[in-house]
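Enquirer: Here's a structure for you.
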Amino acid sequence: MMDKIKNNTLAIQLINLKKSFDANKYVLKGINLEIPKGSLTAIIGFSGTGKSVLLKHMLGLYQPTSGQVKILGTDLSTLNDNELTKFRCRYGVLFQSSALFDDMTVLENVCFPLEEHRRELSKEEVVAIAEKKLMMVGLDPEHYSKLPSQISGGMQKRTGLARALALDPEILIYDEPTTGLDPILTEMIDNLILETHKLGGGTTSIMVSHDLSAAFRIADHIVMLDAGNVLLSGTADDFFKSDIELVKRFVNKGIKH
Ligand SMILES: Nc1ncnc2c1ncn2[C@@H]1O[C@H](COP(=O)(O)OP(=O)(O)O)[C@@H](O)[C@H]1O
Ligand SMILES: [Mg+2]
């Protein structure tokens, strides 16, 4: 009974998750992780430690070699391809490259998931929802008929975020959303992620970031991976107080710049 109550409050539960792409090298070495519903979690760690592979398991894009991935109470391994596609509508995803369709306008990019997955909606309803999401991320109507190549990098990110929000996702996943951006744009996007999280009213947000100061500033739960293991999971305070040598190194490095 206790377990059941507890599991209802978890957005994501990873149980002894292991992944190897070739026989003897494990990229994920037995990850146990619980992400509560409504939290904003940052996953940090040196490059090549398995952060993106971990996210792809959460999205059902990779299958575990062993262990379990439970999302909103559902073990993804119990879903067939159709069910998984449907289930993925409950996520919004923003990758480092905003991954917009080059030949579609800003508005068409945001309409796209609605046209794919909400077939019951009329064209007018789709456009109304898309415009609402674009307003939410601070994009003005004068840009809606432009192509991605005609707007700035920051606006492309906003468009990508509006598209990720189109289906009112319960879980929002960001993989290095600000990598390669200048500091001003980085801060703007980080703030936008935080605002979007608060506006979502219960949305669970998960952000992979190499940017420690952003993670400490906006996340309420931080998970550090190292070489396929969870090194530390906790609050910013837990990280500052940690005696783990690698955590200390990472924290100090992150604070210098
Ligand atoms: N599809 C794949 N096939 C084989 N190896 C992979 C694949 N995806 C990732 N890897 C390996 O897994 C490790 C972790 O990668 P990744 O999760 O992308 O790291 P990061 O923490 O930088 O996001 C790397 O060594 C990478 O080469
Ligand atoms: Mg990565």
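Enquirer: Counting only DSSP beta bridges with both residues in the chain, tell me the antiparallel percent, nearest 5. Write out the running numbers ahead of the final one.
Expert: Values: 21 of 38 bridges.
Antiparallel: roughly 55 percent of the beta bridges in the chain.
Enquirer: Would you please classify the overall shape of the chain from the alpha carbon gyration tensor, given that a ≥ b ≥ c denote the square roots of the eigenvalues, rounded means a/c under 1.5, and beyond that prolate means a/b larger than b/c while oblate covers the rest? Before the final figure, lay out the partial values.
Expert: Numbers: a/c = 1.84, a/b = 1.31, b/c = 1.40.
In terms of gyration-tensor shape, oblate.
Enquirer: A further question on this structure: Can you give the Kirkwood hydrodynamic radius for region 41-133, in Å, rounded to one decimal and based on Cα pairs? Mind showing how you got there, number by number?
Expert: Values: mean 1/r = 0.0638 Å⁻¹.
Across region 41-133, the inverse of the average 1/r is 15.7 Å.
Enquirer: Please give the helix 153-165 orientation as an angle from the longest Cα principal axis of the chain, in degrees from 0 to 90, rounded to the nearest 10.
Expert: Here the helix axis deviates by roughly 80 degrees.
Enquirer: Helix 245-256 versus the longest principal axis of the chain: what is the Cα-based angle in degrees, 0 to 90, to the nearest 10?
Expert: Between the helix axis and the principal axis of the chain, the angle is about 40 degrees.
Enquirer: A further question follows. Would you calculate a helix-derived [θ] at 222 nm for the chain, using -39,500 (n - 2.57) for each DSSP H run of n ≥ 4 and dividing by the full residue count, to the nearest 500? Don't skip to the end; give the middle numbers.
Expert: Details: 10 runs with 103 residues, N = 257.
Value at 222 nm, helices only: -12000 deg cm²/dmol.
Enquirer: While we're looking at this one, here's another question. Straight-line reach from residue 56: which lysines have Cα under 24 Å away, leaving out those fewer than 8 places along the same chain?
Expert: Answer for residue 56, where 24 Å is the Cα cut-off: 18, 19, 25, 29, 37, 70, 86, 157, listed by chain and number.
Enquirer: Carbon and sulfur atoms: what percent of the 1.4 Å accessible area of region 47-126 do they account for?
Expert: Working: 2070 of 4350 Å².
C and S fraction of accessible area: 47 percent.
Enquirer: For region 153-221, what does the alpha-carbon gyration tensor say about shape, rounded, prolate or oblate, given a ≥ b ≥ c as the root eigenvalues, a/c under 1.5 as rounded, and a/b over b/c as prolate? Walk me through the numbers before you get to the answer.
Expert: Numbers: a/c = 1.87, a/b = 1.20, b/c = 1.55.
Here region 153-221 falls in the oblate category.
Enquirer: Okay, next question. Between helix 106-117 and the chain, what is the angle of the helix's C-alpha long axis to the longest principal axis, kept within 0 to 90° and rounded to the nearest 10?
Expert: 70 degrees
Enquirer: What does the highest-first list of 110-122, 140-152 look like by mean Cβ count within 10 Å? Walk me through the numbers before you get to the answer.
Expert: Values: 110-122: 15.5, 140-152: 13.2.
So the peptides 110-122, 140-152, ranked by packing, come out 110-122, 140-152.
Enquirer: Still on this structure: Could you identify which residue out of 123, 19, 29 has the top mean-square fluctuation in a GNM of the chain using Cα springs shorter than 10 Å?
Expert: Comparing 123, 19, 29 in a Gaussian network model of the chain, the most mobile one is 123.
Enquirer: In Å², what does the accessible area per residue of the chain work out to with a 1.4 Å probe?
Expert: Values: 12840 Å² over 257 residues.
Heavy-atom accessible area per residue stands at 50 Å².
Enquirer: How high is the relative contact order of the chain, given as a whole-number percent (alpha carbon pairs under 8 Å, six or more residues apart)? Provide the component values of the computation, followed by the final result.
Expert: Values: 455 pairs, mean separation 67.2, N = 257.
Once divided by the residue count of the chain, the mean separation gives 26 percent.
Enquirer: Next up: Taking amide H atoms as placed 1.01 Å from N in the peptide plane, list the residues 5 or more away in sequence, or in a different chain, whose amide H sits under 5 Å from that of residue 172.
Expert: Residues meeting the amide H criterion: 92, 204, 205, 206.
Enquirer: A further question follows. How would you rank 164-171, 79-86, highest first, on the average number of other Cβ atoms within 10 Å across their residues? Don't skip to the end; give the middle numbers.
Expert: Details: 164-171: 20.8, 79-86: 11.5.
Ranked from most to least packed, the peptides come out as 164-171, 79-86.
The values are calculated or read from the model by the stated rules, or taken from the named source; none is laboratory data. Fair warning: this is a prediction, and the values are worked out from it, not measured in the lab. Cβ atoms come from the backbone with ideal geometry, glycine included; neighbour counts cover every protein chain shown. We work out accessible area using only protein heavy atoms, side chains counted, and drop any ligands, DNA or RNA first. Shrake-Rupley method; radii C 1.70, N 1.55, O 1.52, S 1.80 Å.
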